[in-house]
Every structure is written in C-alpha cells, then in structure tokens.
Amino acid sequence: KPLRIGFSKSSHCTATMPGDMEMQSCGEAGESGESGVKRLAIGSSLVGALVLVVGVASIVGCTSLRFRELPAHIRRMIDWEAQNKLPPWMTSIEEGSPQGVAIVLGQSLKPDGTPSQVLIDRARMAKTLLDEGKVVKVIVSGGDPAGVGHTEASELAKVLMGVGIPAESIILEAQATTTAENIWFSLRWLPKATGQLYIITSDFHMARATYISREVLGYWYKMLEDTYKNNPDWHSATKLYPRLTLHQVPVASFCGSNASLNHDDDPKADVTTKSLALRAMDELKWLGSREVPNALFGSPMSNILYIWPIQINVTKDANNPSNFEAAMAVATRVAQGLCACTAPPEGVGPEIPYPLTFPLDASLPTKRAAWREVIKQCRHR
C-alpha cells in the first residue's frame, strides 16, 4: 500500500502506513499558518519525521518519494538557515554582542490544563525583556515528558502570546525533558549574532537552573574546542569557542501565608498545590544532596536522562566548584527567605511582603553541609 503524506491546515504532519496507522510527527492541534513559532518549532521534529517516512517508504515499496516532491509549504517550513551552526567560524554566537535571547524555563500545567501562576509570571518577565529591547527572541523549551499528547513548549508559547508576545518573537524547542536539555537543545536555535543569554525562571528554581546552565555551556564550549582545534578553517589565536554572557532573571513568586491551602503532606498532590516554602526547600535538597550534578553523568537516576545522548562529568570542569558553591549559597538564601511563604504561589489568599531582594549574595552563609539544618528549621517554623 503506498505511503501517503498529508499536511492539513491544523498543522498536523501525518503519514498513512499499512493498516491505516497515522503518525503525528509535528505541530499542535489548533495551530495554523506559517508563523515564526511553528516554522522553527518543527525544524527538528519534521526532519526526523521525513527520515522515518523515507525509511518506511522503502520498506513498503514506495521508493519514488523525493524531498523535492513534497509540497512546497512543507519544504519551506524546514528552516535550515535558522539553525545555529557548530563550527566556531560559522556559529550564531558572537561573543560580546549586545543582542540577547531569553530562554523561558517551563513547568507542567495544572491538572485542569491551565497554566500555573508561576508560568504566567515567567511569561510576563519575558515580555518585559522584549519590551526593553534586551532580547530579540524568546525560546520556549520543553517536550512531552509526562506523555499528555502535547509539548510543554507549545503550551508555554500560548501563555507567552496570551501576555502579548507576538508569535514571530517566539522560538519553540520541543525535545527537552529536563532543565539541562532546555539549555542544550535551545543552543540549536540561537539567532545569528547572539551574545547575551537570559535564563528566565522562578525564584525558587533559579539557583539550580543557573548551575545547570553553566555546566552545560562549559561542556558545550570544551566539546567544540576539542573538535575543531586542529581544523585549518578556524583562524583563531586562542582557539576558544565564542562565549555567551549568561544572565539570571529570577521571577518573584506570590508569597502567601495561608498554609491551609497547601498540600505539602500529600506526596501525590500536584506540584502547583505545594507551598512556595516547600518548593524552595526541595531545590536546596536536590543541590545539597548532589543529586543535580550526579544526574548529569553515569547511570540515569530516573527514567528520564538529563541530556540525551551526552554525559557531563562535572568533576572535569575546573569551574564546577565555584559554580556549585554559588548555587548552594543562593539556594540556601532562597530557602531561608521563602520559609514564611506557606501557601502555594498561585496568587490565592493573603499575601505577605516579598522577603527576597535580587541579586542574592553568592557566598555561602553557612557551611555547605548545614543545608539539612536550614531545611529542618524551616519545616519546624
């Protein structure tokens, strides 16, 4: 039975195979047109789909399939030029350039499918950076690790557009399942001449996100320096890969005092029902126990690899000790400061004055091993 490829106005890319199986390979239901969002979003997924389609076609005897025979509107949506190039003399990274790009780190939606308040707050911060001219594009990153049938990136893009960010200013990255992958896969879509990278996330998540971002970027630079150091096309005296300037953009969460609203004692409760205090304590715990750096290397600590298919051994990074100490310092101060925020950060109930002032001191306020005592004191407050 011949393989048939169809492309509908709802932006589904499907292939009909023997047995009338349909494979959805790109796009999200309800999206239409060739916006900047969608064109870049399916750059990776559609390429993968086409490779799969060609392979299946040869199996079932449909050997006449050619890329040039695909409808022109599909071919146009594979925007090869939008992708960052790896060789240092071709890369989109221009060290020192004022042009900035923001990566908005996502979070799962609430059980009813609506975005959480922290997600909306992050989207508003992205709009602020755009309005101020600090960034030219906003990358939303996230696949479908929960298996709900749509990507976190597509849902976050809707939130961004809901706060007034135009579609053409949004780039979707739909592979990532973790914070490390958010950074790694987003590097593929940096616009030409990017020199500044802004990481937008919530206050409680900023320390871990920054630590992971620094380690991922450090690995990226070293990997490419080792790969191209002897290439005659790289005319560089230092043989250092162009660097991005990393900016932390912590978003203040709603700090509520009504503890009766949280479900901190229910391990099965949705994360959006957890108090801001608990979320900050969990972040400190994941760093203090070294779960975060250990998860970047070796056997996977869960059914989701932190970065597929690479491994980052942070012990080989000379900057890791200082990166980790700074992360621990910020996470400790955040946990101590947000300890009074016993309600979920969803904007419900009485609000108390926000207890943190950024940027926070990145020197450890206590011995690193004292993180358990910080959590203990907060729990019994």
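Quick notes on this structure:
- For segment 227-381, relative contact order (Cα pairs under 8 Å, six or more residues apart, normalised by length) works out to 35 percent.
- Residues Leu130, Leu86, Leu190, Leu240, ordered by accessible area of protein heavy atoms at a 1.4 angstrom probe radius and largest first, appear as Leu240, Leu86, Leu130, Leu190.
- Net charge of neighbours whose Cβ lies under 15 Å from the Cβ of Val118, counting Lys and Arg as +1 and Asp and Glu as -1: -3
- Carbon and sulfur %, accessible surface of segment 172-260 computed with the full protein complex present, 1.4 Å: 52 percent
- Charged neighbours of Arg333, selected by a Cβ distance under 12 Å, balance to -3 (K, R count +1; D, E count -1).
- Taking all protein chains into account, the per residue accessible area for segment 203-292 stands at 44 Å² (1.4 Å probe).
- Anisotropy class of segment 208-295 from Cα gyration tensor, a/c 1.5 cut: prolate
- Unsatisfied cross-links (Cα-Cα over 24 Å) in the set Lys127/Lys192; Lys110/Lys268; Lys110/Lys137; Lys110/Lys158; Lys158/Lys222; Lys127/Lys274: Lys110/Lys137; Lys158/Lys222; Lys127/Lys274
- The loop-placed trypsin sites (Lys or Arg not before Pro) in segment 243-295, going by DSSP, that have at most 12 neighbouring Cβ atoms within 10 Å of their Cβ come out as Lys268, Arg290.
- Shape category assigned to segment 260-381 from the gyration tensor of Cα positions, a/c cut at 1.5: oblate
- About the centre of its Cα atoms, segment 267-361 shows a dipole size close to 200 debye [charges on the beta carbon of Lys, Arg (+1) and Asp, Glu (-1) only; nearest 20 debye].
- Tensor-based shape of segment 153-252 (alpha-carbon gyration tensor, a/c under 1.5 rounded, otherwise prolate or oblate): prolate
- Cβ-placed point charges (K, R +1; D, E -1), dipole of segment 120-265 about Cα centre in debye, nearest 20: 560 debye
The values are calculated or read from the model by the stated rules, or taken from the named source; none is laboratory data. All of these numbers come straight from a predicted model, not from anything done at the bench. Because the Cβ atoms are built from the backbone with ideal geometry, glycine has one as well, and the counts that use them run over all protein chains shown. Protein only, heavy atoms only, side chains kept; ligands, DNA and RNA dropped before computing areas. Shrake-Rupley method; radii C 1.70, N 1.55, O 1.52, S 1.80 Å.
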